[in-house]
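Data first, discussion second: the structure below is written as structure tokens.
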Amino acid sequence: MNTDAKTMCTCADKSCPFNPANHDRGCTPCIAKNLAAGEIPSCFFNAVSTSRTPRGYRMEDFAEFVLAVSRR
């Protein structure tokens, strides 16, 4: 399994300063930013489905996203 955050990260926003492609601190800055904002990192959404766009990135959006994908 590849554990290099720069290649493992599935976030499409490469301009984000918290994206592992832009520093050498792995996923920690992204996770910290999302937790502080009450959000879930996009990689969690991408693990569920990459063919749908979430309504938002808050925790309740993630719950709705998982339910919507599982109902297909």
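The set of residues in the stretch 37-54 that are exposed (fewer than 14 other Cβ atoms within 10 Å of the Cβ) and either β-branched (Val, Ile, Thr) or without any contact (Cβ under 8 Å) to a residue 24 or more places away in the chain (or both) comprises ALA37, GLY38, THR50, SER51, ARG52, THR53.
Pairs linking a residue in the stretch 55-68 that is part of a loop (DSSP other than H, G, I, E, B) to a residue that is surrounded by fewer than 16 Cβ atoms within 10 Å (Cβ to Cβ) and not small (Gly, Ala, Ser), with Cβ atoms under 8 Å and 6 or more positions apart or on different chains, are ARG55/ASP61; ARG55/GLU64.
The set of residues from the stretch 12-26 being modelled with pLDDT of 95 or more and among the hydrophobic types (A, V, I, L, M, F, W, C) comprises CYS16, PHE18.
One residue stands out among those in the stretch 32-54 that are among the charged types (D, E, K, R) and either at pLDDT 95 or above or under 13 Å from CYS11 (Cα atoms) (or both): the one that is nearest to the chain's Cα centre (by Cα), which is GLU39.
The values are calculated or read from the model by the stated rules, or taken from the named source; none is laboratory data. As the structure is a computational prediction, the values presented were derived from the model and not from experiment. Glycine also receives a Cβ, built like all others from the backbone with ideal geometry; neighbour counts cover every protein chain displayed.
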